[in-house]
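Student: Dropping a structure here in structure tokens format, bear with me for questions.
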Amino acid sequence: MKIRTLGRHIKESGKSIARNGWMTFASISAVTVTLLLVGVFYVILMNLNEVATSIEKDVSIKVLVDTTAGETEREDLLNKLKKMDKIESIIFSSKEQELDELITSFGDEGDLFKELYEERNPLNDAFIIKTKDPIDTMEVAKQIETFDYVYKVNYGKGEVEKLFNVIDASRNVGLALIIGLLFTAIFLISNTIKITINSRRKEIEIMRLVGATNGFIRWPFFLEGLWLGILGSIIPITLIAFLYKEVYSYIQPKLEGHFIRLLEFTPFIYEVSGLILGLGCLIGTLGSLLSVRKFLKV
Amino acid sequence: MITMKEVYKRYPNGVVAANGIDIQIDQGEFVYVVGASGAGKSTFIKMMYREEKPTSGQIIVNGVDITKLKNSKVPLFRRNIGVVFQDFKLLPKLTVYENIAFALEVIEESPRVTKKKVMEVLELVNLKHKARMFPNELSGGEQQRVSIARSIVNSPLVVIADEPTGNLDPDTSWEIMRIFEEINARGTTVIMATHNKEIVNTKKHRVIAIENGLIVRDEQRGDYGYEN
């Protein structure tokens, strides 16, 4: 294509956008609403994913060693655990350490335990185990339960399973919602552009009559869709960036010291903006090309 | 120039608009196509520039069998044919000049050549002084002259006109006819479907009469042959 022709197409697409004021507004609104929803879902989904990953990483198994076990039996147990290949790390925590932790976790009231249990510590020595893949937690825990001198195995029975289920479900639901929204948007845009094209039927008819190729006719519509997509993504990008900055600076300080965290404002917001802009262009051009198709049948 | 062999056209609703048409039109001819409304004139004409495809049969235009033409090649084929309609088909938001230049713009002609050619045809249809006006500022006859100018700006081998004087008063119709004859005199084939008895009977040319999708009469320097 000649540069002059491209210039003509750009000019034509711009003219059409300006000429079809209300229709342009309707199309841009459709893109804006969709992208805003998709953007918000995406931000929530990605943060949920981040939280889920950090929770997954934090899932551990606590093996309480039977109080009747002596040092040799404890060593035997440790060796047995070390031989399991699904285990990543084993940390030993003596019953004294366990008591200290308990006391600290209760804050001021912890002193009560201190007085009560200083003489006779009722807690067990423990091994804190992390599996290589969090999903193996349950299987490994059940295996360890059968070992000798194991008093109890704690891994948040039931809750871990529930957590994994919730994470999986929310990922799938979010993804399905985003895909559904995108299709709705393409449909909406192709319909709005179809209305604007109807008024330009004559122009297309004449173009075909004087020998314009389909590609030549399609170009201005393609560009028009592109502009609608770009214009429609401005508000979602601005709004999401602004809101995420607010939410991030409000929530993140509260999460300090916890193992969960939100995705950092940058570079995450660039990723989101890029995605919104890309999707805007995609649904704009796709919607536009879909609607011009039926006018180009010879 | 244009040859139709055993051409049939049946529309999906069952209407048969061409019922075995055989015709040969040579380069440089001036042909009237006459017949009552619904006789199949428009289909006959539309098949010549591939707006309609026949159900069966062969249509050869300028050596190319256009019934076998790929859809993607149709635009290139159309560049050799000028088409004029009863309702002018001008773009209301473009000036006279722009409407004509539009036909060259879409085939990516250079601005220099475009300007030269548009000025030439404006001269031919005698509308140079109205180049900057918009279609709604022109009379019906002037609009049709713009439409004719657009159809010939690309120097086509053939101009096809579907009732070009149908919306015009007698005086204006004669002016349009004068332009078609001038175009024809320059060597361009002109095919004109018309209901204008006076023109056909006065400006004698070949007459093809169509009834029920069939050519019932084909005479050199013929008469209109119907009562309006």
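Quick note: the coordinates plus some simple rules give every number you see, no bench work behind them. Bear in mind that the values here come from a model prediction, so they are computed numbers and not experimental data. Here the Cβ is made from the backbone with ideal geometry for all residues, glycine too, and neighbour counts use every protein chain on show.
Student: For helix A:265-293, report the angle its Cα long axis makes with the longest principal axis of the Cα atoms of chain A; keep it between 0 and 90° and round to the nearest 10°.
Tutor: Helix A:265-293 and the main axis of chain A meet at about 40 degrees.
Student: Quickly estimate the mean residue ellipticity at 222 nm for the protein assembly as shown, helices only: each DSSP H run with n ≥ 4 gives -39500 (n - 2.57), and the total goes over all residues, rounded to 500.
Tutor: Values: 17 runs with 288 residues, N = 526.
The helix contribution divided over the protein assembly as shown gives -18500 deg cm²/dmol.
Student: Kyte-Doolittle mean at least -1.0 and Cα extent at least 15 Å along the axis: which DSSP H helices of chain B qualify? Don't skip to the answer; put the middle values down first.
Tutor: Details: long enough: B:111-124 (20 Å, -0.24); B:140-152 (18 Å, -0.53); B:170-185 (22 Å, -0.38).
Qualifying helices: B:111-124, B:140-152, B:170-185.
Student: So what's the angle, to the nearest 10 degrees on a 0 to 90 scale, between helix A:71-83 and the longest Cα principal axis of chain A?
Tutor: Roughly 20 degrees, rounded to the nearest 10.
Student: Here's something else I'd like to know. Roughly what angle does helix A:21-58 make with the longest principal axis of chain A, taking Cα atoms, 0 to 90 degrees, to the nearest 10?
Tutor: On a 0 to 90 degree scale, this one is about 20.
Student: Turning to a different aspect of this structure: For the range A:178-210 and the range A:113-149, what is the separation of their C-alpha centers, rounded to whole Å?
Tutor: After rounding, the separation between the Cα centres reads 65 Å.
Student: Whole number please: convex hull volume per residue of the Cα set in the range A:1-103, in Å³? Before the final figure, lay out each step's value.
Tutor: Values: hull volume 22.6 nm³, N = 103.
About 220 Å³ per residue, rounded to a whole number.
Student: Please rank A:Val40, B:Val158, B:Val96, fewest neighbouring Cβ atoms within 10 Å first, as an exposure proxy.
Tutor: On the way: A:Val40 16, B:Val158 24, B:Val96 28.
Least to most surrounded, the residues fall as A:Val40, B:Val158, B:Val96.
Student: How long are the three semi-axes of the equivalent ellipsoid for the protein assembly as shown, computed from the Cα gyration tensor as the root of 5 times each eigenvalue, in whole Å, largest first? Intermediate results must be reported in sequence, preceding the final value.
Tutor: Working: eigenvalues 1420, 127, 53 Å².
Working from the Cα gyration tensor, I get semi-axes of 84, 25, 16 Å.
Student: Ok, one more. Within 10 Å of each Cβ in peptide A:211-218, how many partner chain Cβ atoms are there on average? Round it to a whole number, please.
Tutor: Numbers: counts 13, 9, 8, 4, 2, 5, 2, 0.
Per residue, the number of nearby Cβ atoms from other chains is 5 on average.
Student: Taking the alpha-carbon distance from B:Lys5 and a cut-off under 17 Å, which aspartates and glutamates remain once sequence neighbours fewer than 8 residues away in the same chain are dropped?
Tutor: Straight-distance partners of B:Lys5: B:Asp22, B:Asp26, B:Glu52, B:Asp65, B:Asp218.
Student: Okay, moving on. Give me Rg/Rg_expected for chain A, where Rg uses Cα atoms only and Rg_expected = 2.2 N^0.38 Å with N residues. Mind showing how you got there, number by number?
Tutor: Values: Rg = 30.8 Å, N = 298, 2.2 N^0.38 = 19.2 Å.
It is 1.60.
Student: Normalised by the residues of the range A:1-160, what does the relative contact order come to in percent, with Cα pairs under 8 Å and at least six apart?
Tutor: On the way: 146 pairs, mean separation 51.4, N = 160.
Taking the mean separation of contacting Cα pairs over the length of the range A:1-160, I get 32 percent.
Student: Two decimals is fine: what is log10 I(q)/I(0) at q = 0.15 Å⁻¹ for the range A:60-154, from a Debye sum with one equal scatterer on every Cα and no solvent?
Tutor: Treating every Cα as an identical point scatterer, log10 I(q)/I(0) equals -0.62.
Student: Now a separate question. Trypsin sites (Lys or Arg not before Pro), restricted to the range B:98-164: which are DSSP loop and have at most 13 other Cβ atoms within 10 Å?
Tutor: Values: sites: B:Arg112, B:Lys115, B:Lys116, B:Lys117, B:Lys128, B:Lys130, B:Arg132, B:Arg145, B:Arg150; in loops: B:Arg132.
Hits after loop and neighbour filter: B:Arg132.
Student: While we're here: Quick one: which of B:Lys9/B:Lys197; B:Lys73/B:Lys116; B:Lys89/B:Lys128; B:Lys53/B:Lys130; A:Lys114/A:Lys162 span more than 29 angstrom between C-alpha atoms? Before the final figure, lay out each step's value.
Tutor: Details: B:Lys9/B:Lys197 27 Å; B:Lys73/B:Lys116 27 Å; B:Lys89/B:Lys128 20 Å; B:Lys53/B:Lys130 38 Å; A:Lys114/A:Lys162 35 Å.
Over 29 Å Cα-Cα: B:Lys53/B:Lys130; A:Lys114/A:Lys162.
Student: I want the antiparallel fraction of DSSP beta bridges within the protein assembly as shown, as a percent rounded to 5. Working shown, then result.
Tutor: Working: 33 of 51 bridges.
Close to 65 percent.
Student: Could you work out the relative contact order of chain B, using alpha carbon pairs under 8 angstrom and six or more residues apart, expressed as a whole percent? Display every interim value, and only then the final one.
Tutor: Values: 430 pairs, mean separation 65.2, N = 228.
Result for chain B is 29 percent.
Student: Right, another one. At a 10 Å Cβ-Cβ cut-off, how would you order B:Val153, A:Val153, fewest neighbours first? Display every interim value, and only then the final one.
Tutor: Values: B:Val153 24, A:Val153 20.
Ranking B:Val153, A:Val153 by Cβ neighbours within 10 Å, fewest first, gives A:Val153, B:Val153.
Student: Given chain B, what percent of its DSSP beta bridges are antiparallel, to the nearest 5? Kindly include the intermediate steps, with their values, before the conclusion.
Tutor: Details: 19 of 37 bridges.
That works out to approximately 50 percent antiparallel.
Student: Arranged by the count of other C-beta atoms within 10 angstrom, fewest first, what order do A:His9, B:His129 take? Mind showing how you got there, number by number?
Tutor: Values: A:His9 19, B:His129 9.
Fewest to most other Cβ atoms nearby, the residues stand as B:His129, A:His9.
Student: Okay, next question. Take every residue in peptide B:46-54, count the Cβ atoms of other chains within 10 Å of its Cβ, and give the average of those counts. Numbers along the way, then the final one.
Tutor: Details: counts 0, 0, 0, 1, 1, 4, 0, 1, 0.
Mean inter-chain Cβ contacts per residue within 10 Å come to 1.
Student: Which of the lysines could be linked to A:Lys254 by a straight reach, that is with a Cα gap under 22 Å, when you skip same-chain ones fewer than 8 residues away?
Tutor: A:Lys57, A:Lys245
Student: Filter the GluC sites (Glu not before Pro) in the range B:106-208 to those in DSSP coil with at most 15 other Cβ atoms within 10 Å of their Cβ, and list the result. Write down the numbers at each step before the final one.
Tutor: Numbers: sites: B:Glu108, B:Glu109, B:Glu120, B:Glu123, B:Glu137, B:Glu142, B:Glu175, B:Glu181, B:Glu182, B:Glu198; in loops: B:Glu108, B:Glu109.
Of the GluC sites (Glu not before Pro), the ones in loops of the range B:106-208 whose Cβ has at most 15 other Cβ atoms within 10 Å are B:Glu108.
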